[in-house]
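Asks: I'd like to ask some things about the structure below.
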Amino acid sequence: MVTASTELGYNSKVEGDVVVTRADAVINWIRTNSMWPMPMGLACCAIELMAVGGARFDIARFGAEVMRFSPRQADCMIVAGTVTYKMAAHLRRVYDQMCAPKWVIAMGACASTGGMYRSYATLQGVDRIVPVDVYVSGCPPRPEALLDALMKLQAKVKREPATQRLFSDDAPPRADLH
Amino acid sequence: MASGNDQSNAAAVTSAPEAGNLLGFLRNKGVAATERPSSDHPAFNVPAGEVVATLQHLRDEQAFDLLMDVTAIDWAEGASPRFTVVYHLLSTTRSAYVRIAVNCASDTAPSAPSVVSVWPGANWHERECFDLMGIKFEGHPDLRRILMWDEYPYHPLRKDFPLAGIETALPDADVTAETGTRVLAAPMAGGPFVATSGEINLTEAEPRAKDESWADRRPRPDQEGLKQVRE
């Protein structure tokens, strides 16, 4: 991806210090390794989310340790827990306050599908109200599963056409809500 | 910790834990209480107009100092009285419970007197009861829904309300406009999820639809007739 090239040095003063790559690769590389999560902890999954942030599992190894409780400083919302219909609108508002580019991880059975709460009060999957990038199975998922989801999200971010979104007014459409 | 005075008080109240004694106490206070069938604790039916005075007497003179719960029973459509409001009291000094039940006069717009004046802690209990069962508590200082949102049109714990829910609008119109999402009936996929306790095999113990003879595509046998009526 990002490679140091000695052949393309044009000036002896900077020779060896010039990196040639694509803008997409650089931007995605930066985004990938400094993803600031918005911990939307709504139920017991949030406990596992805390474990991921702790020393044993240490999400800092993947550059995502800066949990921001302000959506304006976060770019990856981790929905950890059961989303009720009463909470759904607030969740959407928090999502809307996040600056683009932004991603969503649906952590656990409840956030992904409503889980065992097949009832009048529970949103049957957070993808009905925000676009979800990665789903994590489990009730609650193991911390390793969330780390795996983060790595999958990073792999997904690396494939994004970052410059196309930077310089065009109309970003390519995200996954449709249903 | 216990002074001589406290011990004498405790002796006085523990001497009358029986249902008959409590019934006699309430009758002496002029409350038209009747004994209610109960398998555990003393329970009494009380007319709606006398419930506040009843709870006040029990709190001040019988040491029932803690209101454990205010809830309601829906005896299902067609029953009359359809709604019964139930108060659970605990005496922390004599470790005794008593249950007071009040039948609501109206089967369509049930109401009961608020006991917030006696127990401020009844405030949220009564809001929950209003939210989920639709009991209107007369005299409540702030009778709003507490779990569902304010505009929600149903009372979900009533017997005629399906567990899956009824399609309705989300509380926020702007979010609905942006996402097109509404409150939908949850897919039951074979019935309510039930956990099995005491199972060693976790696969069997986890919550699942036990009755798999029917699902979304194949309606429950006893609802075939209902489905035809709707169609």
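The values are calculated or read from the model by the stated rules, or taken from the named source; none is laboratory data. A quick note: this is a predicted structure, and the numbers were derived from the prediction, not measured. When we count neighbours, we look across all protein chains shown, and the Cβ atoms used for this are built from the backbone with ideal geometry, even at glycine. When the accessible area is computed, the model is the full protein with side chains, heavy atoms only, and any ligands, DNA or RNA have been set aside. Shrake-Rupley method; radii C 1.70, N 1.55, O 1.52, S 1.80 Å.
Here's the yes/no breakdown for (1) over 17 Å from the mean Cα position of the chain (by Cα); (2) surrounded by fewer than 16 Cβ atoms within 10 Å (Cβ to Cβ); (3) basic (Lys, Arg):
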residue: B:52; (1), (2), (3): yes, no, no
residue: B:58; (1), (2), (3): yes, no, no
residue: B:63; (1), (2), (3): yes, no, no
residue: B:68; (1), (2), (3): no, yes, no
residue: B:77; (1), (2), (3): no, yes, no
residue: B:83; (1), (2), (3): no, no, no
residue: B:88; (1), (2), (3): no, no, no
residue: B:96; (1), (2), (3): yes, no, no
residue: B:99; (1), (2), (3): no, no, yes
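Asks: Looking at the range B:144-161, which of the residues that are open to solvent by less than 60 Å² (accessible area, probe 1.4 Å) and within 10 Å of chain A (Cβ to nearest Cβ) is nearest to residue A:96 (Cα to Cα)?
Replies: Narrowing the range B:144-161 to residues open to solvent by less than 60 Å² (accessible area, probe 1.4 Å): B:145-146, B:148-149, B:152, B:155-156, B:158, B:161.
Okay, now just the ones that are also within 10 Å of chain A (Cβ to nearest Cβ), so B:145, B:148-149, B:152, B:156, B:161.
Numbers: B:145: 27, B:148: 23, B:149: 21, B:152: 24, B:156: 30, B:161: 34 Å.
Top of the filtered list is B:149.
Asks: Hey, another quick one. Here is a check on your reading of the model: is residue A:96 among the acidic types (Asp, Glu) and within 14 Å of chain B (Cβ to nearest Cβ)?
Replies: On the way: among the acidic types (Asp, Glu): yes; within 14 Å of chain B (Cβ to nearest Cβ): yes.
Taking the combined requirement at face value, the residue satisfies it.
Asks: If residue A:88 passes every condition in (1) assigned to a loop (DSSP other than H, G, I, E, B); (2) open to solvent by less than 30 Å² (accessible area, probe 1.4 Å); (3) among the aliphatic types (A, V, I, L, M); (4) within 14 Å of another protein chain (Cβ to nearest Cβ) but one, which one does it miss?
Replies: So the condition that residue A:88 fails would be (1).
Asks: Looking for something among the aromatic types (Phe, Trp, Tyr), surrounded by fewer than 21 Cβ atoms within 10 Å (Cβ to Cβ) and over 15 Å from the mean Cα position of the chain (by Cα) - is there at least one such residue anywhere in the range A:58-72? Walk me through it before giving the result.
Replies: Initially, the range A:58-72 is screened for residues among the aromatic types (Phe, Trp, Tyr), giving A:62, A:69.
Subsequent filtering for residues that are surrounded by fewer than 21 Cβ atoms within 10 Å (Cβ to Cβ) retains A:62, A:69.
Of the ones still in play, those that are also over 15 Å from the mean Cα position of the chain (by Cα) are none.
The answer is no, given that none of the residues of the range A:58-72 is among the aromatic types (Phe, Trp, Tyr), surrounded by fewer than 21 Cβ atoms within 10 Å (Cβ to Cβ) and over 15 Å from the mean Cα position of the chain (by Cα).
Asks: Just to be sure before I move on: is residue B:127 among the basic types (Lys, Arg) and part of a loop (DSSP other than H, G, I, E, B) in the structure I sent?
Replies: So residue B:127 fails the test.
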